[in-house]
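Presented below is the structure to which this report refers.
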Amino acid sequence: MTNTTDIFATLASVVGYKLGDDVATDSFDMLPAMLGIQEGTKSIRPHLLTQSFRGEFQIRQGKWKYLDHRGSGGNNYNRAPLKRYALAETAPRAPGQLFDLEKDPAETTNLYFTEQAKRRELKKLLERLKSSGRSAPRNRIPIGIENIPRIKKQRK
């Protein structure tokens, strides 16, 4: 799992620039995965935190997606151009949304009330990330172009 925010840390890693902990706080270095040198099967990005233009947060972890709000977070499906794309609300009283993207990639069934343990887990993670002001790890160590095996071989 990756996001456009990861471009910042990844490019910094390519050129060997060490990012401060107060810079690109949600950017993960994806260079190890791109080079095929990522150790083990553990994902570089354990979760994906996103924010709508209205300031509403969502978090994705594995097959789960939790939205800490109602609605899409930005689109107004009551207006004519989007009205035909509106989906029926499956949990209209829910203050948030939870989807199993493996079983429901179209996000048609809100599991907010039926998967309470997962909802609480993701909400707790979301709150922790929001209060910390970051989702990426601290003390990121760049790889540097001189340490990229494929490029190093071509330069000789």
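A few notes on this one:
- S43 fulfils the conditions (1) of a type in the set (S, T, N, Q); (2) farther than 22 Å from R119 by Cα; (3) part of a loop (DSSP other than H, G, I, E, B) except for a single criterion, (2).
- All of (1) farther than 27 Å from R128 by Cα; (2) modelled with pLDDT of 95 or more hold for A86 with one exception: (2).
- Residues satisfying the stated conditions in the stretch 31-55, i.e. within 20 Å of L11 (Cα to Cα) and basic (K, R): R45
- The set of residues in the stretch 129-149 that are of a type in the set (A, V, I, L, M) and in a helix (DSSP H, G or I) comprises L129, I145.
- Unique match (being assigned to a helix (DSSP H, G or I), modelled with pLDDT of 95 or more and surrounded by 10 or more Cβ atoms within 10 Å (Cβ to Cβ)) among L98, L126: L126
The values are calculated or read from the model by the stated rules, or taken from the named source; none is laboratory data. This one's a predicted model, so the numbers in the text were calculated from it and none came from an experiment. All Cβ positions, even for glycine, are placed from backbone atoms using ideal geometry, and neighbour counts span all protein chains on display.
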